Amino acid sequence: MNAWTATALAELTSAEREVADLLAIEADPADARGVLEQVPYWFHTFALNRTEGIYAPGTARDHRYRIPAIPESFEGLSVLDIGTFDGFYAFLAEARGADRVVAVDNEQYIEWVHARWGVKLEGGEGFRAIHELLGSRVEYRKLDALELDRLDESFDFIFCCGILHRVEAPALLLRLLRRRLSEVGRVLIETHGVFADPDDGDPVHRYGPGEVYPHDAYVYWGLTPAGIDVLGRESGFRRFELIDEPMIDGHPRLIGWLRT
């Protein structure tokens, strides 16, 4: 086990385990430990074998606020997961009955992970390992979020979690999502909020490199519910439906729905 994984395991909390337990993989213990050896970094936490207490330790902090927004059933739905990274939500949708799941990522995180943690990745290691353990049918595409029209198909449910604040043109991304959404579809939006600043009443705030997270040059925006609402309406959605505004590890988050 590499040093990064050992440290991450030591820091793993019950909050991350609670989310991971939504997708109980229950792999053979030897296979589960082998995955920990072969994957040098995890963003999502996975319950590889709960009986033996084997978890793949992710750096994503406490996603419990997302749980109420995730349907208990995806039966009969086609699902798109943007910025999938290790693929937790794509695999969860499949496990909950989705007919088709497409997971996309431009693998920009390779540079981000190296800058923040000094870990070198090739891209897709965690996704491939979990895909194999599950015998999954989720389709993975290396694709930038602003190239979604290349998919040339529509989806009933789109995960857009942790992405809107990481694209330089969020309004363009929302227009692309609208084009990829079926007429009865919905988008789950989760993004970074705006730090309290009495001198800045703008619904969308521009952040500089490293201003939100140290050594992270890819967080461009902080958004308010009003900001998402305006961008969403301009992109062809109805109003933004806010679900929650949690503060996670000192960072404001927003989560809610955009519907056609």
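Between Phe195 and Gln108, the FRET efficiency estimated from the beta carbon spacing at R0 = 22 angstrom works out to 0.40.
Ratio of the stretch 95-194's C-alpha Rg to 2.2 N^0.38 Å, to two decimals?
Relative to the 2.2 N^0.38 Å estimate, the stretch 95-194 comes out at 1.16.
Binning at 10 Å from 0, report for the chain what percent of all alpha-carbon pair distances ends up in each bin. With a bin width of 10 Å, the distribution comes to 7, 31, 38, 20, 4, 0. Annotation: the antiparallel percentage among DSSP beta bridges lying fully within the stretch 10-124 is about 35. Name all residues of the stretch 236-256 having a backbone nitrogen under 20 Å from the label point set 7 Å from the Cα of Tyr218 along its Cα→Cβ direction, giving them as ranges. Answer for the stretch 236-256: 251-254. The C-alpha atoms of the chain define a longest principal axis, and helix 225-234 lies at about 70 degrees to it. Beta bridges from DSSP with both residues in the chain: antiparallel share about 45 percent, rounded to the nearest 5. Here the label points at Ser182 and Arg61, each 7 Å from Cα along the C-beta direction, are separated by 3.8 nm in the simple model.
Quick one: among Asp249, Asp31, Asp216, which has the greatest mean-square fluctuation in a GNM of the chain with alpha-carbon springs under 10 angstrom? Highest fluctuation of the listed residues: Asp249. Could you work out how much longer the chain between Leu9 and Asp28 gets when fully extended? Use 0.36 nm per residue separation minus the Cα distance between them, nm to one decimal. Stretched out fully, the Leu9 to Asp28 stretch lengthens by 4.9 nm. In the chain, excluding the sites themselves, the longest stretch lacking any of the GluC sites (Glu not before Pro) that are in a DSSP loop with at most 12 other Cβ atoms within 10 Å is 169-260. Sequence-distant contacts, meaning Cα pairs under 8 Å at least 6 residues apart, place the relative contact order of the stretch 138-192 at 47 percent. Shape of the stretch 3-56 from the C-alpha gyration tensor: oblate (a/c of 1.5 or more and a/b not above b/c, with a ≥ b ≥ c the square roots of its eigenvalues).
Here, each number is a calculation from the coordinates, and none is a lab measurement. Since this is a predicted model, take the numbers as computed values, not measurements. In this analysis, Cβ positions are derived from the backbone assuming ideal geometry, glycine residues included, and neighbour counts consider all displayed protein chains.
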